[in-house]
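Only one structure is covered here, and it is reproduced in the block below.
The values are calculated or read from the model by the stated rules, or taken from the named source; none is laboratory data. What you see is a predicted model, and the numbers here were worked out from it, not measured in a lab. Quick reminder, even Gly has a Cβ in these numbers, built from the backbone with ideal geometry, and neighbours come from all protein chains shown.
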Amino acid sequence: MSDTTHFADYELGIYLQGMLSGAKPDLPMTLAELERLAKEKIDPRAFGYVAGGAGLEDTVAENRRAFERWRIMPHMCRDTSSRNWSTTVLGTKMPAPLMLAPVGVQEIVHPEAELAVARGASSLGVPIVLSSLSSYTLEQVAEAMGDTPRWFQLYPPKDLAVAESFIHRAEKAGYSAIVITVDTRFIGWRARDLQDAYLPFLEGKGIANYTSDPAFCAPLDAPPSENMMGAVGRWTEIYADAAQSWADFKRMREMTSLPVLIKGILHPDDARRAVSNGFSGIIVSNHGGRQVDGAISSLDALPGIVGEVGLECAILLDSGIRCGADMVKAIALGASAVLIGRPYAWGLAVAGEHGVREVIQRFLAEFDLTLALSGISRREEITKEILRRVT
Ligand SMILES: Cc1cc2nc3c(=O)[nH]c(=O)nc-3n(C[C@H](O)[C@H](O)[C@H](O)COP(=O)(O)O)c2cc1C
């Protein structure tokens, strides 16, 4: 990684192309328009599954409102000619504090699914967190990532032999951290999906890690290739366990020597419990507003968690990040890095690998420009001092 990372050069590239050849960007520059194109292109049920949230989708909206309440106070007249945003989180190097959040069952928006995402992200050195519920196996995705770091997200299953097998497969395939998601033991009340009576996993989609797993397949009467519905049946039985509590999560954490993060924490007391149970990191997340409608926004939850355990573990954030300025705000409020979900899913839906790469490049360019224009040239300078809360 060079000492300067001027992602803003992407902007100049667009203007130069326009001047030299009249070419305009092949994908819309706003996320709203990209989402609209995705809606035109994919199965309406798949669109509803990705775009939707729980209940009245009030927490989806609240995630946005929270970002609007914080404003940046730019500093002028400082030297920002040389900038570098590279950072390391739990031993994982990244060119900027940005990762791709685990988004399951990507085949519903594009046939190349996580492989296209892996190629798009790795072409920029940006790490991904691969979902347990991926359409390709974690080994296939690892291969598509090449040398770029990746983390594996585990939905804690009822059958702990499956958890252990997934974790060991991830270790072997070069994933450098495990993320245990704890906010999805039931699927949230999602009106759009209920209206469509649509849950893709029940069609055998997004369960490639399970159907390729010896511990998952062991009790099946026939291999998934011969009886997919039998595999889907077992999946519905073991996907989650509402009885699990901290002792079980600690047990899963102890299955590996890799750093283990817990995703879906909003309450500072839970953050404290996570640290006392040996977790190395917390992803502050309300699952993009897909689980508890009425829940606090991730951004509003962040300062309380940073105050409680910020010195003891890595804290990341997702839910509602839609532009480079949002990244700046979350980092200023104490996140080590942020993750995006739906934005790259729209890029994937519209243009596969190319779409994912474009979305990431735009986040990086806008992040770089926002900071450069705010008088900031080093990661350490992104502090609460540059923010004002306006309501
Ligand atoms: C279609 C979809 C599928 C998701 N699948 C998973 C998953 O498999 N595992 C997980 O931990 N989170 C999952 N999430 C949540 C994301 O990791 C992330 O928390 C959320 O998308 C961030 O919010 P954003 O979409 O507003 O950026 C999913 C989100 C979406 C939109």
- Message: Show the residue pairs meeting these rules: Cβ distance below 7 Å; 6+ apart or different chains; first residue within region 288-313 and acidic (Asp, Glu); second residue part of a helix (DSSP H, G or I).
- Response: Asp293/Asp58; Asp293/Thr59; Asp300/Ala66; Glu308/Pro268; Glu308/Ala271; Glu308/Arg272; Glu312/Val275
- Message: If I go through region 331-357 residue by residue, how many of them are within 11 Å of the ligand (Cβ to nearest atom) and either within 23 Å of Asn84 (Cα to Cα) or assigned to a loop (DSSP other than H, G, I, E, B) (or both)?
- Response: 4
- Residue list for region 296-323, restricted to those being assigned to a helix (DSSP H, G or I) and within 14 Å of the ligand (Cβ to nearest atom): Ser298, Leu299, Ala301, Leu302
- Take the residues of region 203-218 that are touching a helix residue (DSSP H, G or I) at 6+ places or on another chain (Cβ under 6 Å) and outside any loop (DSSP other than H, G, I, E, B): which is farthest from Phe279 (Cα to Cα)? Thr211
- Taking Ala121, is it within 24 Å of Phe367 (Cα to Cα), buried (at least 18 other Cβ atoms within 10 Å of the Cβ) and within 14 Å of the chain's Cα centre (by Cα)? yes
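Residue-by-condition table, conditions (1) touching a residue at least 12 places away in the same chain (Cβ under 8 Å); (2) in a strand (DSSP E or B); (3) within 15 Å of Glu203 (Cα to Cα):
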{"site": "Leu220", "(1), (2), (3)": "yes, no, no"}
{"site": "Pro224", "(1), (2), (3)": "yes, no, yes"}
{"site": "Ala231", "(1), (2), (3)": "yes, no, yes"}
{"site": "Arg234", "(1), (2), (3)": "yes, no, yes"}
{"site": "Asp241", "(1), (2), (3)": "yes, no, no"}
{"site": "Gln244", "(1), (2), (3)": "yes, no, no"}
{"site": "Lys250", "(1), (2), (3)": "yes, no, no"}
{"site": "Leu258", "(1), (2), (3)": "yes, no, no"}
{"site": "Ile262", "(1), (2), (3)": "yes, yes, no"}
- Query: So which residues in region 57-90 are away from the ligand (no atom under 16 Å from the Cβ), among the hydrophobic types (A, V, I, L, M, F, W, C) and outside any strand (DSSP E or B)?
  - Reply: Met73, Met76, Cys77, Trp85, Leu90
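Can you confirm whether region 367-384 contains a residue that is under 30 Å from Ile108 (Cβ atoms) and buried (at least 18 other Cβ atoms within 10 Å of the Cβ)?
Of region 367-384, the ones under 30 Å from Ile108 (Cβ atoms) are 367.
Keeping just the survivors that are buried (at least 18 other Cβ atoms within 10 Å of the Cβ) gives 367.
There is at least one residue in region 367-384 that is under 30 Å from Ile108 (Cβ atoms) and buried (at least 18 other Cβ atoms within 10 Å of the Cβ).
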- Is it the case that region 238-259 has a residue that's more than 18 Å from Ile178 (Cβ to Cβ), within 16 Å of the ligand (Cβ to nearest atom), modelled with pLDDT of 95 or more and buried (at least 21 other Cβ atoms within 10 Å of the Cβ)? no
- Within region 91-107, tally of residues that are of a type in the set (Val, Ile, Thr) and either assigned to a loop (DSSP other than H, G, I, E, B) or within 16 Å of the ligand (Cβ to nearest atom) (or both): 2
- Message: Can you tell me how many residues within region 279-295 are under 8 Å from Ala54 (Cβ atoms) and near the ligand (Cβ under 10 Å from one of its atoms)?
- Response: 3
- Message: Exactly one of these conditions fails for Arg272: (1) more than 16 Å from the ligand (Cβ to nearest atom); (2) touching a residue at least 60 places away in the same chain (Cβ under 8 Å). Give me its number.
- Response: (2)
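Can you tell which of Leu138, Leu115 is away from the ligand (no atom under 11 Å from the Cβ) and surrounded by fewer than 24 Cβ atoms within 10 Å (Cβ to Cβ)? Can you show your working first?
Numbers: Leu138 fails: surrounded by fewer than 24 Cβ atoms within 10 Å (Cβ to Cβ).
Only one candidate qualifies: Leu115.
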- Query: When region 93-128 is examined, which residues are found to be closer than 17 Å to Val50 by Cα and in contact with a strand residue (DSSP E or B) (Cβ under 8 Å, 6 or more places away or on another chain)?
  - Reply: Leu100, Ala101, Pro102, Glu114, Val117
- Query: Which pairs do you get when a residue that is at negative phi, found in region 44-58, comes within reach of a residue that is more than 11 Å from the ligand (Cβ to nearest atom) and of a type in the set (Lys, Arg), reach meaning Cβ atoms under 6 angstrom, with the pair 6+ apart or on two chains?
  - Reply: Phe47/Lys39; Gly48/Arg192; Gly52/Arg192
- Check off (1) surrounded by fewer than 16 Cβ atoms within 10 Å (Cβ to Cβ); (2) in contact with a Lys or Arg (Cβ under 8 Å, 6 or more places away or on another chain); (3) at pLDDT 95 or above for Arg36 and give me the number that stays unchecked. (2)
